[in-house]
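Before any comments, here is the structure.
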Amino acid sequence: MTKKVVITGASGLIGSRIIELLSDRFTLIPLSVEQMDITDTQSVRATLKSLSYDLILHLAGYTLVDQAEKEPHKAYLINETGTKNLMDVATSEKKEFMYISTDFVFDGTHPPYTEKSIPNPLSIYAKSKYEGEKAVGKNGMIVRISYPYRAAFEQKKDIVRTLKSLLEARKPLQMVNDSIMVPTFIDDIAEGLGSLMNNYSPETIHLVGADALSPFALAQTIAQVFKLDESLITPTTYDTFYKHKAKGPRFSDIRSEKNTFYRMHTVKEGLTIIKNQLSKL
């Protein structure tokens, strides 16, 4: 029997791609903010009780890292309270629950970070996402992802498309060369989540790209794959770049000890697939 999945944040960067790729395998029930305000307990309860479903895939979140420092109340309201509201109903209705979290819950000082690593978030955004994890606890599945990117999505740029468009416009890029990140191809996230939805268990799992590299190396790889000018890219330091920004984890080498079910692509592989996808648009 096809599993029925309620999706919050379904129109976003990741949610919209999940709907494109998994609609033939699941009965997907996307809920917009207009249909259900996750920060409103009554709205959550009434909406979910009116639906027939097996699992809630909770993708909606406050993701503006720098802006969160200026409006912490909003970040916590969405990422902590919103998650708790959904989790409470899922628990009382005995439904499965999957919460999408982030590598930012780690402080980036003692990599690599596996599912066993202890979070120590630095920014308001990261702290609010970690409070969301605590609201889920052992009653649901927590899936941490890192720097998601995809071929095309007009509504929101990801790091790969931002850097690619700047290089195409021949804008000089100063990229950090003394920190580490793990970009993750969104098609892999969608396929991995599909597998997890079919084999659900309440635990924490990392669904992240196959390799870690510096932002500087990421920009170089983008330039190489898309035949753009590498000389536009110059190195800078983590401390200089984040001087007036909310700090992200510096050495965010996040890995999975549990992902034995789906092979995640390296950055170069992911970019090559995207290049092929774009050629067919």
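Taken together, the values in this text are just the output of simple stated rules run on the coordinates, not laboratory data. Treat the numbers as computed from the prediction; the structure is a model and nothing was measured. Glycine gets a Cβ as well: all are built from the backbone with ideal geometry, and neighbour counts include every protein chain shown.
A few remarks follow.
- Proximal lysines relative to residue 129, as straight alpha-carbon distance under 17 Å, when same-chain residues fewer than 8 apart are discounted: 70, 74, 84, 138, 247
- When +1 charges are put on Lys and Arg Cβ atoms and -1 charges on Asp and Glu Cβ atoms, the dipole computed for the chain relative to its Cα centre reaches about 180 debye.
- Label point 7 Å beyond Cα of residue 178 along Cβ direction - residues of region 230-247 with amide nitrogen under 11 Å: 236-241
- If R0 is taken as 45 Å, the Cβ-Cβ distance between residue 2 and residue 276 corresponds to a FRET efficiency of 0.90.
- Mean Cβ count within 10 Å, highest first, over the residues of peptides 175-186, 249-260: 175-186, 249-260
- Put a dot 7 Å past the Cα of residue 77, heading toward its Cβ, do the same for residue 120, and the two dots end up 3.2 nm apart.
- P(r) tail fraction, the chain - alpha-carbon pairs more than 23 Å apart, %: 54 percent
- Acute angle (nearest 10 degrees) that the helix 82-92 long axis makes with the longest principal axis of the chain, alpha-carbon atoms: 40 degrees
- Stretched out straight at 0.36 nm per residue, the stretch from residue 232 to residue 162 would grow longer than its current Cα-Cα span by 23.8 nm.
- In nm, spacing of pseudo-spin labels at residue 239 and residue 224 (7 Å Cα→C-beta vector): 3.0 nm
- Whole-number percent relative contact order across the chain, with pairs defined as alpha carbons under 8 Å at least 6 apart: 20 percent
- Whichever lysines have a C-alpha closer than 25 Å to that of residue 280, once near sequence neighbours (fewer than 8 apart) are set aside: 156, 157, 164, 227, 268
- Net charge of Cβ neighbours under 12 Å - reference residue 80; Lys, Arg +1; Asp, Glu -1: +3
- Gap separating the Cα centres of region 25-75 and region 107-182, nearest whole Å: 20 Å
- Estimated inter-spin distance, residue 42 and residue 94, nm [label 7 Å along Cα→Cβ]: 2.9 nm
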